[in-house]
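Scroll down for the structure; my scribbles are underneath it.
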Amino acid sequence: MPLLLVLAGGPAAAAEADLGDLEGRWHACLRQAFTAQPLGLERRAAQRAALAACKAQEDAYVHAMLAAQEADVRARATRGVVARAKDWALAAAGSARATVTGMIDRLRW
């Protein structure tokens, strides 16, 4: 369920916790798979075998990380749109105020 929050663009704190948890699981899998390799096996071959054994954990971690980055980009874009709308509304209100003030000044004469 926490992974679903990350994929659905849930709270940033939950996403960070899930990413840390997924990364920890992937690293633990790598350590365990590497130490389980036969002693005579070349180091580089043992590393490749450990990476292959933990491909599912790596994929889950990378997928969650990309989803979190995409959610962050969407949130930034939304904040930008909201800020532009707010600026436009303030400018429109200022313009309306100036127009009304000008009309009131003309009526006073």
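The values are calculated or read from the model by the stated rules, or taken from the named source; none is laboratory data. As the structure is a prediction and not an experimental result, all values here were calculated from the model. Quick reminder, even Gly has a Cβ in these numbers, built from the backbone with ideal geometry, and neighbours come from all protein chains shown.
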| remark: Log entry, pairs with first residue in region 43-69 being touching a residue at least 24 places away in the same chain (Cβ under 8 Å) and within 21 Å of L19 (Cβ to Cβ), second being acidic (D, E) and assigned to a helix (DSSP H, G or I), beta carbons closer than 7 Å, six or more apart or on different chains, reads Y61/E23; A64/D18
| query | Residue check: is A92 within 28 Å of L19 (Cα to Cα) and either in a helix (DSSP H, G or I) or in contact with a Gly (Cβ under 6 Å, 6 or more places away or on another chain) (or both)? | reply | no
| What number of residues within region 44-92 satisfy the criterion of being more than 18 Å from R25 (Cβ to Cβ) and hydroxyl-bearing (S, T, Y)? | 1
| said: Looking at (1) at pLDDT 80 or above; (2) over 18 Å from the mean Cα position of the chain (by Cα); (3) of a type outside the set (G, A, S), which one does D72 not meet, given that it meets all the others? | reply: (2)
| request: Report yes if some residue within region 97-109 is aromatic (F, W, Y) and modelled with pLDDT under 80; otherwise report no. | output: yes
| Would you call Q47 part of a helix (DSSP H, G or I) and either surrounded by 15 or more Cβ atoms within 10 Å (Cβ to Cβ) or out of contact with any Asp or Glu (no Cβ under 9 Å at 6 or more places or on another chain) (or both)? | yes
